[in-house]
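Throughout, read-outs are computed from the coordinates displayed, never taken from laboratory work. Because the structure is predicted, anything quoted here is derived from the model rather than measured. Cβ sites come from the backbone with ideal geometry, for glycine too, and all protein chains shown count toward neighbours.
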Amino acid sequence: MDEQEKPLSLVLFSGTDDKLNAAAVLAVGAAAMGRPVNIFLQYYALRAFRAGKVYANHALAWEATDALTHVIRAHPGQHWSELLKQAKDVGEVNIQACALSMDMFHLKQTDLDPLVDGIEGVAAFIASVSDGQVLFI
Amino acid sequence: MDEQEKPLSLVLFSGTDDKLNAAAVLAVGAAAMGRPVNIFLQYYALRAFRAGKVYANHALAWEATDALTHVIRAHPGQHWSELLKQAKDVGEVNIQACALSMDMFHLKQTDLDPLVDGIEGVAAFIASVSDGQVLFI
Amino acid sequence: MDEQEKPLSLVLFSGTDDKLNAAAVLAVGAAAMGRPVNIFLQYYALRAFRAGKVYANHALAWEATDALTHVIRAHPGQHWSELLKQAKDVGEVNIQACALSMDMFHLKQTDLDPLVDGIEGVAAFIASVSDGQVLFI
């Protein structure tokens, strides 16, 4: 990795499949360009990364009408979890669960999918974003 | 434009008129200050930029009660598409449709409003954001 | 404060308690690390900062099922307004109401909670974010 590459960091709050897919596509793109990617899972997004729940139907944003839902679900793209695996294969992608959300939902690391690398507090997350970009999704 | 001005980049995901308006106001403000603005249209936001659909009612965020909707709709501001035209007049504003979302919704560039300058993949978008700021809206 | 610390800026659009809490936690974390924090209140978030309304029930994101709502409400964390007060105690936190949203909702500064430091336009906000990070929440 080029020393000058700055991280792309994503705070994932929403747990719908469309937003998770948008996030995963950004993660793959950034990782492929040699940028470290930090992902911080909060609230509903964290719940989508529970073991055994990743491939569940996490609904779409409320804006998706029935007709749009059909079109989006019919699109033959990879699942967001597969995109994240791919991002980890090609680059440096670190996925952390927010300690506060873990506590709120009474979750332990063993309750989470192996895609999640660890649990950290918000201070550690903010330290990791350094001078790169951060998106709240 | 000052060479040191860094871009302000907006990933537009939501297609409601209130979020599109918030985005357009940020775009006008940044363009007026000499910052390049990159806008990347995904999912529901992309659909709001279809030709002939720009001035349609794209609803408001689900938080808008009936009373709030009335207040917001009664406010005499410019339409978000007018604000974006104004931003293009005063500065360097580039609006790109996400290739993946175009494919998902079976859209071609001719299906889009002329405000949209082109279609690009996520890698091109990430390259364009360089070391400026990126907001996901 | 270290002169090199760059601001963390938050555009708050949503006015639900879960997103306001996520924002407040980021603000506390950044302030504790010596980073200036700029908060810009728009739309539904601005309404949550009206005097006498801060502790009202501002609902949760639509993704919160009844069961999740119960779990989130039962979690013994501090209210987001308390976290913001704490952030102001430990660091440099500036909370500004968006002039356009103030006008839209027919609000004056005296209608707002004392947590809000002032009213500013989007140009002033963009000038204040300089080369730090900006999240849209």
Chain C, closest residue to the rotation axis toward A, by beta-carbon, whole angstrom: C:TRP62, 3
Need one value for B:106-115: mean number of C-beta atoms belonging to other chains within 10 Å of its residues' C-beta atoms. 0
Which pairs, out of B:LYS19/B:LYS53; A:LYS19/C:LYS19; A:LYS19/A:LYS53; C:LYS6/C:LYS88; A:LYS19/A:LYS108, put more than 19 Å between their alpha-carbon atoms? A:LYS19/A:LYS108
Output row for C:ALA32: copy-to-copy label distances, label 7 Å along Cα→C-beta, ascending, in nanometres, one decimal, is 3.8, 3.8
Mean projected area in nm² (Cα convex hull; one quarter of hull surface) for the stretch B:79-136: 4.8 nm²
Using a cut-off of 14 Å between beta-carbons, work out the net charge of the residues near B:PHE105 (Lys and Arg +1, Asp and Glu -1, B:PHE105 not included). +1
Explain nothing, just compute: Karplus ³J(HN,Hα) = 6.51 cos²θ - 1.76 cosθ + 1.60, θ = phi - 60°, for every residue of the stretch B:45-51 in order, whole Hz, x for Gly and Pro. 5, 4, 5, 6, 9, 6, 4
Remind me, relative contact order of chain B in percent, using alpha carbon pairs under 8 angstrom and six or more residues apart? 38 percent
Excluding C:ILE119 itself, calculate the net charge of residues whose Cβ lies under 12 Å from the Cβ of C:ILE119, where each Lys or Arg counts +1 and each Asp or Glu counts -1. -3
Looking at A:GLN42, A:VAL90, A:LEU115, which one has the Cα that reaches farthest to the positive end of the dipole of the stretch A:24-137 (charges on Cβ: Lys, Arg +1; Asp, Glu -1)? A:LEU115
Where does the protein assembly as shown land on the Kirkwood hydrodynamic radius, alpha-carbon pairs, in angstrom? 21.5 Å
Could you give each residue of the stretch A:104-116 its phi-based ³J(HN,Hα) in whole Hz, using Karplus coefficients 6.51, -1.76, 1.60 with θ = phi - 60°, and x for Gly or Pro? 4, 9, 6, 10, 10, 4, 5, 7, 9, 5, x, 4, 7
Simple spin-label estimate for B:TRP62/B:ASP131, 7 Å along Cα→Cβ, in nm, reads 4.1 nm
Sorting B:THR110, B:THR69 on the 10 Å Cβ count, fewest up front, what's the list? B:THR110, B:THR69
Among B:27-33, B:72-78, how do they line up by average Cβ neighbours within 10 Å per residue, starting with the highest? B:27-33, B:72-78
Pick out which of C:ALA123, C:ALA45, C:ALA59 has the largest mean-square fluctuation in a Gaussian network model of chain C, springs linking Cα atoms closer than 10 Å. C:ALA123
The stretch A:51-104 and the stretch C:60-137 have their Cα centres apart by a whole-number Å value of 28 Å
Do the sum for chain C: with -39,500 (n - 2.57) for every DSSP H run of n ≥ 4, divided by all residues, what is the mean residue ellipticity at 222 nm, to the nearest 500 deg cm²/dmol? -11500 deg cm²/dmol
At 7 angstrom along the Cα-to-beta-carbon line, where would the label on B:LYS108 sit relative to the other copies? Give the distances in nm, shortest first. 5.8, 5.8
Scattering profile of the stretch C:1-55 from the Debye formula, Cα beads only, expressed as log10 I(q)/I(0) at q = 0.15, 0.16, 0.17, 0.21 Å⁻¹, is -0.45, -0.51, -0.56, -0.77
For the stretch B:17-23, 3J(HN,Hα) per residue [Karplus equation, 6.51 cos²θ - 1.76 cosθ + 1.60, θ = phi - 60°, Hz, x = Gly/Pro]: 4, 6, 6, 5, 5, 4, 5
Taking neighbour counts of Cβ atoms within 10 Å as a proxy for exposure, in what order, fewest first, do C:VAL116, C:VAL134 appear? C:VAL116, C:VAL134
Quick note on C:ASP131, C:ASP66, B:ASP117, B:ASP18, ordering by fewest other C-beta atoms within 10 Å, gives C:ASP66, C:ASP131, B:ASP117, B:ASP18
May I ask what percent, to the nearest 5, of DSSP beta bridges between residues of chain C are antiparallel? 5 percent
Of the convex hull drawn through the C-alpha atoms of chain A, the volume per residue in Å³ is 103 Å³
One decimal, nm, nearest first: from C:THR65 to the same residue in each other copy, label points 7 Å out along Cα→Cβ, the values are 2.8, 2.8
